[in-house]
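Report on the following structure.
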Amino acid sequence: MTLIDEAPVPQGADDSGAPLLEVRDLHVEFHTRDGVAKAVNGVNYTVNAGETLAVLGESGSGKSVTAQAIMGILDMPPGRIPKGEILFKGQDMLKMSGEERRRIRGAKVAMIFQDALSSLNPVYSVGFQLGEMFRVHRGMSKKEARAKAIELMDRVKIPAAAQRVDDYPHQFSGGMRQRIMIAMALALEPDLIIADEPTTALDVTVQAQVMDLLAELQREYNMGLILITHDLGVVADVADKIAVMYAGRIVETAPVHELYKRPAHPYTKGLLESIPRLDRKGQELYAIKGLPPNLTRIPTGCAFNPRCPQATDLCRSDVPALFPVTERDGADLAGRGSACHYWKETLHG
Ligand SMILES: Nc1ncnc2c1ncn2[C@@H]1O[C@H](COP(=O)(O)OP(=O)(O)OP(=O)(O)O)[C@@H](O)[C@H]1O
Ligand SMILES: [Mg+2]
């Protein structure tokens, strides 16, 4: 090994010192028969190596669309990105050629979806599908690729991997299939994984096991992880920070435990009061009255105002920026922001 090989790699940054991923003022819209649906309306977030960002919000808040834009798998048309930047190690992926984009996808940024059964091909064995990553991207022989597939199945703790490598997706349980999805995502050792509701389809106990595994591998590989969920309960132990989305915007961002302890946005407060209980799996107990807005007709002012118990005329007329959140005495609360005109009242009561 040469000295250069041993040179330390700066954590979470390339030579330019840029974060692993930086989404800047991202906008996504869909042209539909009803009009233009504004699904993402100025999202900003940063993920560093070894860091887990949980993106939280009700159905339709734009979590998946943001992820699809990052992955470069958005349906365009009807989708369009009128504005924004998606910087991967400082380079705007929206300005890259299709070829450059494809090289990053899978190898540098990988995605895990909710539904493993529809993401895996039913007619090929799991070992073949895992091995294909190595044959196609790493030029390995069939034999080498098979060995790699077994190794990966071991890594994601699939019992008796060597015996099960030739089994088909339907022969595995839901939890085991989700592990296989994780193995697929890990195969090329990406810098960033986006997991979109990776455990939603699983039983509660299996959910926790899969989430723990994902967190363990993320630490071990020092990857960035974006964890999309509508369930606050599953992210508390694994995320570093949380971005709460509503109607395509981030309405609150905070280190995970601070968000739980002291929310600074009425929407987050409502979500916290509606954490699903273990004995009522599958039911979403929203304490928040009403429904998210139609994205072709987002209310003026704060999009949450029709549902907010504290809304005033100001909330109905002015869109709140993501204000930096501070202590009562003005002391900085690093990494905290709230898009509520009344964040002080919400936080400090
Ligand atoms: N291909 C598409 N064509 C038209 N509208 C779309 C398309 N994809 C997404 N949308 C709209 O964009 C909005 C945001 O969708 P998105 O899938 O990001 O929500 P989400 O926050 O991931 O919700 P969920 O928790 O249900 O997964 C939704 O109103 C959805 O209908
Ligand atoms: Mg989604």
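Quick rundown of the values:
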quantity: Added length on full extension, which subtracts the Cα-Cα distance from 0.36 nm per residue, SER173 to LEU333; calculated: 53.2 nm
quantity: Gained length - ASP75 relative to HIS348, 0.36 nm times residue gap less alpha-carbon distance; calculated: 94.0 nm
quantity: Degrees between helix 204-221 axis and first principal axis of the chain (Cα, 0 to 90, nearest 10); calculated: 70
quantity: On Cα atoms only, tilt of 174-186 relative to the major axis of the chain in degrees; calculated: 80
quantity: Among ILE112, ILE194, ILE73, residue whose mean-square fluctuation peaks in a GNM of the chain (springs only between Cα atoms under 10 Å); calculated: ILE73
quantity: GluC sites (Glu not before Pro) restricted to the range 98-146 and DSSP loop, no more than 12 other C-beta within 10 Å; calculated: none
quantity: Choice from VAL204, VAL23, VAL238 showing the highest fluctuation, given a GNM over the chain with Cα pairs closer than 10 Å; calculated: VAL204
quantity: Amide H partners (placed H, <5 Å) of VAL251, local residues excluded; calculated: VAL244, MET245, TYR246
quantity: Value of relative contact order over the chain, rounded to a whole percent, pairs C-alpha under 8 Å and six or more apart; calculated: 19
quantity: Only Lys, Arg (+1) and Asp, Glu (-1) charged, at Cβ; the chain dipole about Cα centre in debye; calculated: 780
quantity: For the chain, with +1 on Lys and Arg beta carbons and -1 on Asp and Glu, the positive-most of ILE193, ALA147, LEU130 along the dipole; calculated: LEU130
quantity: C-alpha long axis of helix 142-155 to longest principal axis of the chain, angle in °; calculated: 50
quantity: Paramagnetic reach from THR296 (point 7 Å along Cα→Cβ, amide N under 16 Å) across the range 42-84; calculated: 78-80
quantity: Cα shape, the range 44-125, gyration tensor, a/c 1.5 rule; calculated: rounded
quantity: Additional length obtainable on full extension of the chain from SER59 to THR326, 0.36 nm per residue less Cα span; calculated: 93.2 nm
quantity: DSSP-defined beta bridges in the chain - what % are antiparallel, rounded to 5; calculated: 60
quantity: Of all accessible heavy-atom area on the chain, the percent that carbon and sulfur account for (1.4 Å); calculated: 51
quantity: Debye log10 I(q)/I(0) for the chain, one point scatterer per Cα, at q = 0.07, 0.13, 0.15 Å⁻¹; calculated: -0.32, -1.07, -1.36
quantity: Solvent exposure of the chain as accessible area per residue, Å², 1.4 Å probe; calculated: 49
quantity: Karplus-derived 3J(HN,Hα), 6.51/-1.76/1.60, for each residue of the range 68-84, Hz, glycine and proline x; calculated: 5, 5, 5, 6, x, 10, 6, 6, 10, x, x, x, 8, 10, x, 7, x
quantity: From phi via Karplus (6.51, -1.76, 1.60), per-residue ³J(HN,Hα) for the range 29-38 in Hz, x at Gly/Pro; calculated: 10, 10, 8, 10, 4, 6, x, 8, 8, 8
quantity: For the chain, built as a Gaussian network whose Cα springs stay under 10 Å, the top-fluctuating residue of VAL36, VAL256, VAL123; calculated: VAL123
quantity: Long-range amide H partners of ARG336 with built H, under 5 Å; calculated: VAL325
quantity: Whether the range 148-207 is rounded, prolate or oblate, judged on the alpha carbon gyration tensor where a/c under 1.5 counts as rounded; calculated: oblate
quantity: Set of lysines with alpha-carbon distance to LYS269 below 17 Å, sequence-local pairs under 8 removed; calculated: LYS241, LYS261, LYS289, LYS344
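The values are calculated or read from the model by the stated rules, or taken from the named source; none is laboratory data. Remember, it's a predicted structure, so these values are computed and weren't measured experimentally. Using ideal geometry, Cβ is built from the backbone for each residue, glycine included, and neighbour counts are taken over all protein chains shown. Heads up: the accessible areas ignore ligands, DNA and RNA and are worked out on the full protein's heavy atoms, side chains in. Shrake-Rupley method; radii C 1.70, N 1.55, O 1.52, S 1.80 Å.
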